[in-house]
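Single-structure report; data block below.
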Amino acid sequence: MDYTVMHPAAPRPTRAHALSLLWFPFFFVAAMSVLYLFTFGHPQPHGVRLGILSAAPAHLPAGLVTERVANPAGVAANHLAGAFDSATNTMYVSSAASGTRANFLAAVLHPAHIVDLVPKSSGDASGVGIFFYALPLLLVGMITSIVLLQLAMWPLRNKAATLAATGAFASAVTFAVAAGRDVVPADGWLLLYGFLLTQAIGWLTTGIARLVKQYFMPVAMTFVLILGIPTAGATVNADMMPTPLRWLHDVLPFGQFIELARASAYFDGRDIARPLTVLLLWVAAGAALLVWTHRPGRPAAVPAPQAAPARRQVQGAV
């Protein structure tokens, strides 16, 4: 005897429902192409501060702001993008602050000598090592929140513990590898700043999942990848970006971590107050959002019992 159970077919999605989900791949490609190529393909100076030790060069490109200085100490303190001495045709730069910006200044001023006052770590041959050191720290929080979608019924304490565990692991491993390979200096403060970044992203994306529901992936990936990476300033500094991206750099968490990491590792912790404050505000916002979205809901009202309808009984024989 055949006891096969026939399950009803799943309902076919409507056209509107399909379009509400399938628009994001098209948006992702278009937005990433525009933002990444505008930022990385053709950097343009906007307010790049150049110190002048003697006479100013005859021709300077737009976007450079010159100021008279007695010495190149401002470059070593990361207050100036570079300093130029026309008497000796010497350019003073800091590759640790930005290899891209240093190369740009050398290309437009054609100095005979280049002095690197704060060189990048010896293991950072490409000049963008800090970006690849920071990238796993940016992504681990979002990836953990995606995994937690499969454990939606977990209580808040379990999710918070998981985010803390993955964040601590990522902070320790990336620091050990990057410092061990001398991609970044072995500055212990980077462990704390990296952990703060993982929690800010993880708490925000985990909390927002309950608000935006099926739009979680578009919202999270737009915030973290499409906007966060090109505005970070890890490969192209903020003063080499278009103005809207510079504004985002000043507020988004990934950009704050890059500023913190550079200032702490290379410049003795100078000027860390602002990026640290902004990053801590993101951490606080993420914690508040996570707690609010996981607050206990009201118990569902129990319907009043209804009297069962009288049953008719039919008796007889067939």
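Values in this text are rule-based calculations from the coordinates and carry no lab data. On a predicted model such as this, the values are computed, not experimentally measured, just so you know. FYI the Cβ positions are ideal-geometry reconstructions off the backbone, even for glycines, and counts take in every protein chain you see.
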Worksheet, complete the sentence: Of L290, L204, L19, the most mobile residue in a GNM of the chain (C-alpha springs, cutoff 10 Å) is L19
Item to complete: Starting from the Cα gyration tensor of the chain, take the square roots of the eigenvalues, sort them a ≥ b ≥ c, and report rounded, prolate or oblate (rounded when a/c is under 1.5, otherwise prolate if a/b is larger than b/c, else oblate).
Response: prolate
Worksheet, complete the sentence: For the range 66-204, whose charge dipole is built from +1 on Lys and Arg Cβ atoms and -1 on Asp and Glu Cβ atoms, the candidate among A106, A134, F195 with its Cα farthest towards the positive end is F195
Worksheet item: Roughly how many whole Å is it from the C-alpha centroid of the range 146-189 to that of the range 191-209?
Response: 9 Å
Fill in: In order through the range 61-67: 3J(HN,Hα) via Karplus (6.51 cos²θ - 1.76 cosθ + 1.60), integer Hz, x for Gly, Pro
x, 5, x, 8, 10, 9, 8
Fill in: Nonlocal amide H pairs with V115, under 5 Å, H built at 1.01 Å
M91, Y92, V93
Discussion item. Only helices at least 27 Å long along their own axis, judged from Cα atoms, and with Kyte-Doolittle mean hydropathy of 1.6 or greater: name those in the chain from DSSP H.
Written reply: 129-148, 273-293
Discussion item. Can you show me the helix-derived [θ] at 222 nm for the chain, built from DSSP H runs with n ≥ 4 at -39,500 (n - 2.57) apiece and divided by the number of residues, rounded to the nearest 500.
Written reply: -16000 deg cm²/dmol
Item to complete: Return the long-range amide H neighbours of R49 (sequence gap of 5 or more, or a different chain), with a cut-off of under 5 Å between placed amide H atoms.
Response: V65, A81
Discussion item. Only four residue types carry charge here, +1 at the Cβ of Lys and Arg and -1 at the Cβ of Asp and Glu. Report the dipole size of the chain about the Cα centre in Debye, rounded to the nearest 20.
Written reply: 1600 debye
Worksheet item: Can you list the residues, at least 5 places off or on another chain, whose amide H is less than 5 Å from the amide H of S86, using H built in the peptide plane?
Response: L53, S54, A55
Fill in: Cβ-derived FRET efficiency at R0 22 Å, A77 paired with L135, nearest 0.05
0.20
Worksheet item: At D187 and H113, where each label point lies 7 Å from the Cα along Cα→Cβ, what is the point-to-point distance in nanometres?
Response: 2.9 nm
Response to the item:
Rounded to the nearest 5, the percent of DSSP beta bridges in the range 1-143 running antiparallel is 25 percent
